Amino acid sequence: TNIILLGPPGAGKGTQARRLVEERGMIQLSTGDMLREAKASGTEMGNRVAEVMARGELVTDDIVIGLIEEKLNDDHAAGFIFDGFPRTLVQADALGDLLQKLGEKLDAVIEMKVNDDVLVSRITGRSTCGQCGEVYHDVTKPEPDDGKCSVCGASDFKRRADDNEDSLRQRLMEYYKKTSPLIGYYYAKGELISINGLSEIDTVAADITKVLDKG
Ligand code: AP5
Ligand code: ZN
């Protein structure tokens, strides 16, 4: 099963993708994570895109399509979760071509619908475990009292450089201008399924499970 999780920054794509990895052994392909890894490992590309990301702008199509292309050659028995990709029509067409070459197809594009007003608090309250990537939130999913990650036990919580109100405003603008047209694109192909991203994390997960088990 191959799915896309589509939604604005803070919709909960990463949170739900991690659950699917754990529960179903699917492979999470997050271009945001790949770009942050490239930055952390100090590659030339990573350094080049870091400022673009911190401002909340989109990285060029060539770079992210290249990153996805590399990963799509891996073993893919349980299927892929595309998290934060595609984000433009050019990327969507490229993904279609890449999957076709592999003899694979998309089973569902899951649009996580949320209101803009919750996104500010979701983004500004977020922290992430630097060791295992578990996602926390100051209010809805606080870091454990003992200061240790509940998944891996590390004490290494991080906040992202683009998780501030100014960058978020830019990220939302990019989403509405360049990414939201994908909703109509996949709707026209009969692949779009919209779910309520405002529900609690467990409820959203149950809604996604329903979609996957139907298809
Ligand atoms: P990326 O890393 O993809 O970030 P994003 O799309 O902005 O999404 P986020 O990771 O911020 O949010 P999310 O939906 O995963 O939410 P999460 O689960 O963490 O991209 C970053 C940058 O990289 C881009 O701006 C761009 O520069 C570049 N980039 C990446 N891909 C690209 C591409 N394809 N093309 C071009 N450029 C690209 O949840 C958020 C918070 O809310 C957490 O604290 C969580 O605990 C909490 N939460 C989650 N679900 C719920 C819930 N149901 N109820 C209450 N709280 C919840
Ligand atoms: Zn951890």
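Please treat every number below as a calculation from the coordinates, not as lab data. Because the structure is a prediction, the values reported are computed rather than measured. Cβ atoms come from the backbone with ideal geometry, glycine included; neighbour counts cover every protein chain shown.
Before moving on, here are some points about what is shown:
- Each helix, a run of at least 4 DSSP H residues, gives -39500 (n - 2.57); summed and divided by the residues of the chain, these come to -14000 deg cm²/dmol at 222 nm.
- Between the range 132-178 and the range 1-61, the Cα center-to-center distance that results, in Å: 13
- Under a 5 Å amide H cut-off, with hydrogens placed 1.01 Å from N, Ala108 pairs with Asn2, Ile4 among residues at least 5 apart or on other chains.
- Set of lysines with alpha-carbon distance to Lys113 below 23 Å, sequence-local pairs under 8 removed: Lys13, Lys141, Lys177, Lys178, Lys189, Lys210, Lys214
- Computed over the range 84-150, the P(r) tail beyond 16 angstrom holds 66 percent of alpha carbon pairs.
- Stretch gain in nm, segment Glu23-Thr124, where the contour uses 0.36 nm per residue and the Cα spacing is subtracted: 33.6 nm
- Karplus-derived 3J(HN,Hα), 6.51/-1.76/1.60, for each residue of the range 139-145, Hz, glycine and proline x: 9, 8, 8, x, 4, x, 4
- Remark: Met112, Met173 ranked as Met173, Met112, counting other beta-carbon atoms within 10 Å and listing the fewest first.
- Under 19 Å from a label point set 7 Å out along the Cα-to-Cβ vector of Ala78, the amide N atoms of the range 188-215 belong to 202, 205-215.
- Förster-model FRET efficiency, 25 Å R0, Gln131 and Lys71, C-beta, rounded to 0.05: 0.70
- Segment Asp93-Asp213, extension gain: residue separation times 0.36 nm, minus the distance between their alpha carbons: 40.6 nm
- Put a dot 7 Å past the Cα of Ser199, heading toward its Cβ, do the same for Asp62, and the two dots end up 4.3 nm apart.
- Between the amide H of Ile27 and those of Gly79, Phe80, Ile81, distances stay under 5 Å, these residues lying 5 or more places away or on another chain, with hydrogens modeled in the peptide plane.
- Cα gyration tensor category, rounded, prolate or oblate, for the range 155-215 with a/c compared to 1.5: oblate
- Within the range 68-150, GluC sites (Glu not before Pro) in DSSP loop having at most 15 other beta-carbon neighbours inside 10 Å: Glu104
- Antiparallel beta bridges, as assigned by DSSP with both residues in the chain, represent about 25 percent of the total such bridges.
- If R0 is 25 Å, the Cβ-Cβ spacing of Lys158 and Ile183 corresponds to a FRET efficiency of close to 0.20.
- By the beta-carbon count within 10 Å of each Cβ, the least crowded to most crowded order of Asp156, Asp162, fewest first, is Asp156, Asp162.
- With 5 Å bins from 0: P(r) over the chain, alpha-carbon pairs, percent: 1, 6, 15, 19, 21, 19, 12, 5, 1, 0
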